[in-house]
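Since the structure comes first, as structure tokens, the remarks are kept for the end.
Computed from the coordinates by the stated procedures, all read-outs in this text should not be read as laboratory data. Small disclaimer: the values here were computed from a predicted structure and weren't measured. Heads up, the Cβs are rebuilt from the backbone with ideal geometry, glycines too, and the neighbour counts pull from every protein chain shown.
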Amino acid sequence: MKWILMVILFAGCLLVGYLYSNKYKKRVDFFNSLIYFAQKLDVEINFSRERLKKLVEDFDEKAKSNLQGIDISFLKYLNEGGDLTAESLFRNKGLIKKEEKEVVTMFFKNLGRSDVENQTKEIKNSIERFEKLQNDALMEYKKFGKLGIKLGIIAGLALVIILI
């Protein structure tokens, strides 16, 4: 019985460390998908000249899953109108910081507001901002993400040693 308890405690500590690390990984994936989305919009706006709603709907499913539902919130805004805010766009998801939410919200607010030339300039500027945010998220992942798993292993081993 004691061994089963030790295995469960070790697995629990490892799981907590993994979940902590996964938060940082999701942030990196979010910004990767956001950059990919902006690049695709830039290309499609210049060449195909499709409607914005159609471009958002046809976005790649794998990358769309990393966007944490902000594409769906943006489509809802395009269909129903109203005011686009960080709260309505992110639906209270705590994945990214408040300042980062404001940058992303401004990107979506500016989509479709100007002619093609100015729109592509704005998208390129947004891509640069997203790349900076991505680099910050990647640095945090390297710092804290891998640390979470290691601390989970160490905490689990410490509990096992204490129980022995």
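Taking 0.36 nm per residue of sequence separation and subtracting the Cα-Cα distance, how much length would be gained by fully extending the chain between Asp58 and Asn22, in nm to one decimal? Please report the intermediate quantities before stating the final value.
Details: separation 36, 0.36 × 36 = 12.96 nm, distance 2.76 nm.
Taking Asp58 through Asn22 to full extension adds about 10.2 nm, to one decimal.
Using a basic spin-label model with each label point 7 Å from the Cα along Cα→Cβ, how many nm lie between Glu131 and Lys150?
3.0
Give me the tail of P(r) for region 94-145 as a percent: Cα-Cα pairs with distance above 16 Å. Walk me through the numbers before you get to the answer.
Details: 626 of 1326 pairs.
Cα-Cα pairs in region 94-145 separated by more than 16 Å: 47 percent.
What number comes out for the charge environment of Tyr141, summing +1 per Lys or Arg and -1 per Asp or Glu over other residues with Cβ under 13 Å away? Could you put the intermediate results ahead of the total?
Values: positive: Lys23, Lys25, Lys26, Arg27, Lys142, Lys143, Lys146; negative: Asp29, Asp136, Glu140.
That sum, taken over residues with Cβ under 13 Å, equals +4.
For Trp3 and Ile164, calculate 0.36 nm times their separation in residues minus their Cα-Cα distance, and state this gained length in nm to one decimal. Don't skip to the end; give the middle numbers.
Details: separation 161, 0.36 × 161 = 57.96 nm, distance 0.90 nm.
This chain segment gains 57.1 nm when fully extended.
Starting from the 7 Å offset along Cα-to-Cβ, what nm value, one decimal, do you get for the label separation of Glu99 and Glu117?
Taking the two extended label points, one gets 3.4 nm.
Could you list Val116, Val103, Val56, Val43 so that the one with the fewest beta carbons within 10 Å of its beta carbon is first and the one with the most is last?
Val116, Val43, Val103, Val56
Listing Ile154, Ile127, Ile149 from the residue with the fewest other Cβ atoms within 10 Å to the one with the most, what is the order? Present the calculation step by step, with values, prior to reporting the outcome.
On the way: Ile154 12, Ile127 20, Ile149 17.
In order of increasing Cβ crowding within 10 Å: Ile154, Ile149, Ile127.
How large are Rg and Dmax for region 27-145 when calculated on the C-alpha trace, in angstrom?
For region 27-145, the Cα radius of gyration and maximum Cα-Cα distance read 13.8, 42 Å.
Which of the trypsin sites (Lys or Arg not before Pro) found in region 71-164 are in a DSSP loop and have at most 16 neighbouring Cβ atoms, other than their own, within 10 Å?
Numbers: sites: Lys76, Arg91, Lys93, Lys97, Lys98, Lys101, Lys109, Arg113, Lys121, Lys124, Arg129, Lys132, Lys142, Lys143, Lys146, Lys150; in loops: Arg91, Lys93, Lys97, Arg113.
Those satisfying the criteria are Arg91, Lys93, Lys97, Arg113.
Where a Cα-Cα gap under 14 Å defines reach, which aspartates and glutamates qualify for Lys76, not counting those fewer than 8 residues away within the same chain?
By straight Cα distance, Lys76 reaches Glu57, Glu87.
As a quick test, which of the pairs Lys23/Lys98; Lys101/Lys150; Lys101/Lys143; Lys98/Lys124; Lys23/Lys54; Lys54/Lys132 have an alpha carbon distance above 26 angstrom in this structure?
Numbers: Lys23/Lys98 16 Å; Lys101/Lys150 30 Å; Lys101/Lys143 22 Å; Lys98/Lys124 22 Å; Lys23/Lys54 31 Å; Lys54/Lys132 28 Å.
The answer is Lys101/Lys150; Lys23/Lys54; Lys54/Lys132.
Once the Cα atoms of region 33-86 are picked out, what are the Rg and Dmax in Å?
11.2, 30
With everything on Cα atoms, drop me the angle between helix 98-110 and the longest principal axis of the chain, reported from 0 to 90° to the nearest 10.
Long axis of 98-110 versus the principal axis of the chain: about 20 degrees.
If each residue's Cβ is checked for other Cβ atoms within 10 Å, how do Asp115, Asp42 rank with the fewest at the top? Before the final figure, lay out each step's value.
Details: Asp115 7, Asp42 18.
In order of increasing Cβ crowding within 10 Å: Asp115, Asp42.
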